[in-house]
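Engineer: Following this message is one structure expressed as structure tokens.
The numbers here are math on the coordinates, done by the rules we state, and not lab data. The structure displayed is predicted, hence computed values, not measured ones. Cβ placement follows ideal geometry from the backbone for every residue including glycine, while neighbour counts extend to all protein chains displayed.
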Amino acid sequence: MALVSEPMACLLFAAVLLALSGLPGLFLQRPVAAQWIAALVAVFASVLGAYAVIQLLGGTAGAVYQLDWPLPFGPAEFSVDHLSTLFLIPLFLVTGCVAIYSLSYWPAKEKNTAAKLTFFVGLFAAAMVVVLLARNGVLFLMAWEVMAVSAYFLLTTEQQDAQVQRSGTVYLVATHTGTMALFVLFSLLRSTSGSFLFPLPHALSAAFPAATIMMVAALIGFGGKAGLMPLHFWLPGAHANAPSHVSAMMSGLMLKMGVYGILRTISFFTEIPVWLGWLLLVLGAWSAVNGIALAASQRDLKRLLACSSIENIGIIFIGIGLALVGMQTASPILVTCGLFGAFIHIINHGLFKSLLFLGSGVLIHGTGSREIDRMGGLAKRMPATSLFFLIGSLAICGLPPLNGFVGELFLYVGAINDGIHAPLPLAALVAPVLALVGGLAVITFVKLYGIVFLGSPRTADAAHSHEAGGLMIGPMLVLAAGCLATGMAPLLLVKLAAPAVSWYAGIEGDLVSRTGQQVPFMPLTVMNSLLVVLALALAAGYLLRLSKLPRSTGPTWGCAYLAPTPRMQYTGSSFSEMVVNLFGALVAPLRRRPSLATFFPAVGTTFCYAATELVLDRVLTPIFSWIGLGFSYIRRLQHGQLHIYVLYIFATLFVLMIWAH
Amino acid sequence: MTDIIIHCLIALLLPPLLLGVITKTKAAFAGRVGAPFFQPYYDLLKLMRKGSVFSTTTTWVFKAGPLVTLAAILVAALLVPLGRHHAPISFQGDMVLFAYLFGLARFFTAIAALDTGSSFEGMGAAREVTFSCLTEPTLFIALITLARMSRSLQLSTLLTYPTPAIWLAAGASMLLLVVALFIVLLAENCRIPFDDPTTHLELTMIHEVMVLDHSGPAFGVILYGAALKLLVLGAIFINIALPVTTGNSYGDWLVFVVAMLVLSVLIGVVESVMARLRMVRIPQLLVGATILSAFAMLLVLR
């Protein structure tokens with residue numbers, strides 16, 4: 001019982017449980033039972049963790065644990081503060097949901113990779129908990145690497161697929177390039193503060209020349225993990241090719257670890273340089289616009305969701321950038337609005353993006369395809385999934401009365417306040433950018449929802465799809481209910497984020513009621529209720545009216561065409577074609593048309609449309625292939641003749657000896 | 001209290017008349033007598049008594065679309081001040097909710113269109129969401145400009161702020177705003193030169209093509225919602241373009257109603273003297289409107 005009353009002990013215990021949850025599966029001979037054990041242990045750990053989080057939010061201070069390990073990096077310190085707590089909220093919720101979902105989505109009965117997958121899912125979640133609790137640079141890096149590498153093993157579950165291999169390699173290169181930057185960060189931290197232990201908040205002077213390098217290193221290392229443009233290139237492939245519940249964790253949780261890292265690094269310094277806030281703001285705006293424009297051009301269901309993650313990370317960074325700019329210009333409202341916007345969006349994105357990825361898993365399970373243009377009419381066959389997916393889509397577009405609107409509202413109010421009061425209101429330009437992003441998100445998700453769930457099935461697979469079982473529906477129900485509840489009662493979200501905001505901005509006193517005077521989250525509850533009541537009343541009136549009037553059914557009106565087929569429906573690619581052309585400079589999908597010499601194309605000619613990724617396909621892949629060409633000369637040194645290798649070693653030692661003398 | 005009741009009555013009852021006025025103006029330009037001013041009311045009543053045809057392809061989304069759209073626009077109508085009177089509901093930051101309610105309305109109209117599986121309606125939905133995506137930044141830049149002038153985030157304060165004195169002081173930026181907002185008004189309400197509500201060719205339509213399969217009361221709800229949207233966006237336009245007050249509460253209501261009717265005549269005139277733009281030109285004009293409002297903002301910042 002002493003353990004339960006101490007939130008930190010609960011958290012560490014939950015992390016250990018999660019890490020060990022998949023272990024029985026690796027040894028037990030009964031895979032199905034082992035998977036159930038793992039799921040139940042993970043759910044128990046999540047409940048325990050959530051309990052600790054509630055205690056921490058209630059104001060209980062977490063203890064500091066120090067572990068004297070025999071490594072020369074100082075003691076391994078675990079501690080929890082409000083910033084960590086904020087990130088733990090979605091972590092335990094999504095981990096619990098995913099554990100249940102995976103029982104039906106990746107059943108051990110059918111898939112022999114289930115044991116491995118279950119093990120790494122547990123390890124992955126545990127590593128993220130430790131990342132959030134670690135207060136020693138080396139311990140942090142260890143947890144970070146366990147997280148990054150288990151994500152690699154998770155996403156390469158279906159490793160026989162060439163596409164999976166490629167995105168796995170891209171991910172591995174990207175994450176380790178980022179880790180390299182983190183080595184720079186933590187080495188410099190050690191040389192400045194004299195210890196690998198994290199310094200106290202605002203303990204380091206930013207005037208120090210190494211401080212700039214540390215911030216840039218954090219931006220590269222953590223920004224790459226978060227998927228901030230232009231370091232986002234690994235993200236669409238990795239999210240698309242991983243099993244869907246893993247994508248949910250990667251997008252909903254792992255990207256946030258990058259955000260956490262940047263926030264944590266910034267908190268070390270006394271004052272923030274001017275450029276950092278603006279840089280984050282600009283990168284955030286770029287990621288938001290470019291991410292959602294990329295998403296609109298996608299044909300692959302999960303790539304679309306992955307690109308929209310880039311957009312959401314962009315929105316989070318817009319909030320952080322606003323807050324930093326506000327700290328610079330001594331504008332408290334910009335600071336609180338920016339931080340609230342960012343922090344609430346962190347929780348929200350964890351909810352609705354995980355929901356959408358779990359939903360995409362149901363779709364893939366039911367239709368066997370990830371291609372949007374091969375689906376259609378699924379709302380009839382999957383009524384529950386289609387409802388939850390609609391809730392997720394509305395939430396991610398930031399539309400009232402769902403939760404996505406709450407975070408964006410804070411950002412708008414902050415930006416417009418800047419527009420009113422700042423002498424040169426550059427930050428106010430965030431508002432039209434957000435409006436554009438919101439408009440693009442509506443295009444993207446109307447396309448996704450409309451083409452996938454509505455109309456009639458475009459293929460036989462779509463026509464014979466089936467609804468998922470209760471184990472997959474249940475977790476989605478939980479997440480969808482979370483989106484709806486926090487959207488209807490934004491006070492809930494504000495209260496969850498408030499401790500972290502006060503901690504981060506150093507605000508004393510009753511933040512919630514003070515913010516309530518500036519940002520209308522209280523009237524929003526009334527307005528949302530009014531909206532829902534009005535819609536329900538109209539629906540009741542309409543149905544009543546309908547029951548008294550004659551009604552008939554028939555096919556959709558098709559200009560009196562006699563033989564319509566489902567293939568004549570509008571496709572997702574045609575739906576987004578107009579907007580993709582408008583944003584051609586950012587998106588530029590590959591189109592291969594046959595050249596038309598006569599009225600009709602020759603037999604066998606095809607039209608090809610493929611969404612491309614500017615950074616990966618146009619910049620990195622050519623550079624890497626040139627580098628590979630260069631290395632092919634060096635490869636001659638490696639020929640497999642053992643005695644020559646021994647000679648290399650001898651020669652190296654010899655040269656070193658001469659150099660040392 | 002009286003003002004709230006009058007606000008609700010105007011918002012609920014006036015919209016169809018605006019459509020009637022537009023039709024009458026167009027008829028006058030074409031040298032016809034035209035349908036009576038109250039024809040849209042008769043149409044709505046008639047539609048409420050008509051039976052419905054539902055496509056076998058559709059689901060509940062098809063039925064929910066018009067209803068959620070109307071609910072969202074109704075809530076938006078409670079937030080916008082009509083004339084010189086404050087709106088019944090008003091709070092700091094209501095402008096953001098106002099803009100996003102239209103987003104919700106658009107989302108549901110578009111998915112209801114896609115629910116039929118018709119490629120015409122898919123085409124219309126794609127156009128609607130794309131063009132609206134371009135009008136949203138314009139609206140926000142205009143609102144920020146007004147917010148800076150009036151130092152408020154409340155639609156009611158912000159839109160009742162312009163006065164003749166302010167027009168004299170900041171005439172250029174007000175004029176730019178008015179032009180930009182008029183373009184937004186025409187585009188959002190699917191009027192010529194962006195969309196032709198009376199065309200007979202589905203391929204060239206935007207809004208009308210999205211609602212091809214709706215019938216009976218649902219179609220009535222859609223028509224009414226479109227008219228209400230015209231009133232709500234028209235109210236924003238009039239509040240900025242016509243900043244006069246009579247000093248008398250009832251006088252102000254009268255001024256507003258007359259101004260709305262004049263605005264309808266103006267829209268009718270535009271529809272009569274202009275042709276619909278080619279589809280590829282529409283984004284250019286919309287981006288042009290965004291730049292106009294950005295100019296207005298620059299002038300205010302100066």
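Engineer: What's the exposure ranking of B:26, B:229, going from fewest to most Cβ atoms within 10 Å?
Structural biologist: Ranking B:26, B:229 by Cβ neighbours within 10 Å, fewest first, gives B:26, B:229.
Engineer: Please report, largest first and rounded to whole Å, the three semi-axes of the ellipsoid equivalent to the range A:614-660, where each semi-axis is the square root of five times an eigenvalue of the C-alpha gyration tensor.
Structural biologist: 34, 15, 6
Engineer: On to the next question. Translational diffusion coefficient of the range A:288-422 at 37 °C, 0.692 mPa s, Stokes-Einstein with Kirkwood Rh over Cα pairs, in µm²/s as a whole number.
Structural biologist: Details: Rh = 15.9 Å.
It diffuses with D of about 207 µm²/s by this estimate.
Engineer: Residue by residue through B:46-59, how many Cβ atoms from other chains fall within 10 Å of the Cβ on average?
Structural biologist: 5
Engineer: Another question, then. Once the range A:397-502 is represented by equal point scatterers at the alpha-carbon sites, with solvent omitted, what log10 I(q)/I(0) does the Debye formula produce at q = 0.23 Å⁻¹?
Structural biologist: Values returned for q = 0.23 Å⁻¹ are -1.25.
Engineer: Give the relative contact order (percent, whole number) for the range B:2-301; include only Cα pairs under 8 Å separated by 6+ residues.
Structural biologist: Value for the range B:2-301: 31 percent.
Engineer: Expressed as an acute angle from 0 to 90° and rounded to the nearest 10, what is the orientation of the C-alpha long axis of helix B:15-29 relative to the principal long axis of chain B?
Structural biologist: Helix B:15-29 and the main axis of chain B meet at about 80 degrees.
Engineer: Could I ask something else about it? If we sort A:522-530, A:335-343, A:454-462 on the protection proxy, mean other Cβ atoms within 10 Å, highest first, what's the order? Walk me through the numbers before you get to the answer.
Structural biologist: On the way: A:522-530: 18.0, A:335-343: 29.4, A:454-462: 21.6.
Packing order, densest peptide first, comes out as A:335-343, A:454-462, A:522-530.
Engineer: So if I take the alpha carbon set of the range A:464-596, get Rg, then get Rh from the Kirkwood formula, what is the Rg over Rh ratio?
Structural biologist: 1.13
Engineer: Nearest 10 degrees is fine. How inclined is helix B:171-188 to the longest principal axis of chain B, computing both from alpha carbons?
Structural biologist: 10 degrees
Engineer: Semi-axes of the equivalent ellipsoid for the range A:532-640, please: Cα gyration tensor eigenvalues, times 5, square-rooted, ordered largest first, whole Å. Let's see the in-between values first.
Structural biologist: Numbers: eigenvalues 559, 130, 39 Å².
The answer is 53, 26, 14 Å, longest axis first.
Engineer: Moving on. What is the Å³ per residue value for the convex hull set by the Cα atoms of the range A:283-536?
Structural biologist: 113 Å³
Engineer: What order do you get for B:222, B:144 when you list them from fewest to most C-beta neighbours inside 10 Å?
Structural biologist: B:222, B:144
Engineer: Radius of gyration and Dmax for the range A:10-93's Cα atoms, expressed in Å?
Structural biologist: Considering the range A:10-93 through its Cα atoms, Rg and Dmax are 15.4, 45 Å.
Engineer: Taking one equal scatterer on every alpha-carbon of the range A:91-227, how large is log10 of I(q)/I(0) by Debye at q = 0.16, 0.21 1/Å?
Structural biologist: Debye output, listed in q order: -0.90, -1.26.
Engineer: Then there's this: Would you pull out the residues with amide H under 5 Å of residue A:229's amide H, same chain only if 5 or more places away, H placed 1.01 Å from N?
Structural biologist: A:287
Engineer: Also, quick follow-up: What angle do you read, to the nearest 10 degrees and between 0 and 90, between the alpha-carbon axis of helix B:60-79 and the longest principal axis of chain B?
Structural biologist: 20 degrees
Engineer: If you bin every alpha carbon distance in the range B:2-301 into 10 Å steps from zero, what whole percent lands in each bin?
Structural biologist: Using 10 Å bins, I get a P(r) of 6, 27, 37, 23, 6, 1 for the range B:2-301.
Engineer: Please work out the Kirkwood hydrodynamic radius for the protein assembly as shown, using every pair of different C-alpha atoms, and report it in angstroms with one decimal place.
Structural biologist: 29.6 Å
Engineer: Based on other C-beta atoms within 10 Å, arrange A:645, A:633, A:51 from fewest to most. Can you show the working numbers first?
Structural biologist: Details: A:645 13, A:633 8, A:51 16.
Going from least to most buried by this count: A:633, A:645, A:51.
Engineer: Ratio to report: Rg/Rh of the range B:148-231, with Cα atoms as the point set and Rh obtained by the Kirkwood method; give two decimals. Could you put the intermediate results ahead of the total?
Structural biologist: Numbers: Rg = 17.7 Å, Rh = 15.5 Å.
With Rh from the inverse mean 1/r over Cα pairs, Rg/Rh is 1.14.
Engineer: May I pose another question? Give me log10 I(q)/I(0) at q = 0.09, 0.12 Å⁻¹ for the range A:158-300, Debye formula, one equal scatterer per alpha-carbon, no solvent.
Structural biologist: -0.32, -0.55
Engineer: Given just the C-alpha atoms of the range B:172-288, how large is their convex hull per residue in cubic angstrom?
Structural biologist: Once divided by residue count, the hull of the range B:172-288 is 117 Å³.
Engineer: Tell me what the protein assembly as shown gives for mean residue ellipticity at 222 nm when only DSSP H runs of n ≥ 4 count, each as -39,500 (n - 2.57), the sum divided by the residue total, rounded to 500 deg cm²/dmol. Show your work: numbers first, answer last.
Structural biologist: Details: 39 runs with 668 residues, N = 963.
One gets -23500 deg cm²/dmol as the mean residue ellipticity at 222 nm.
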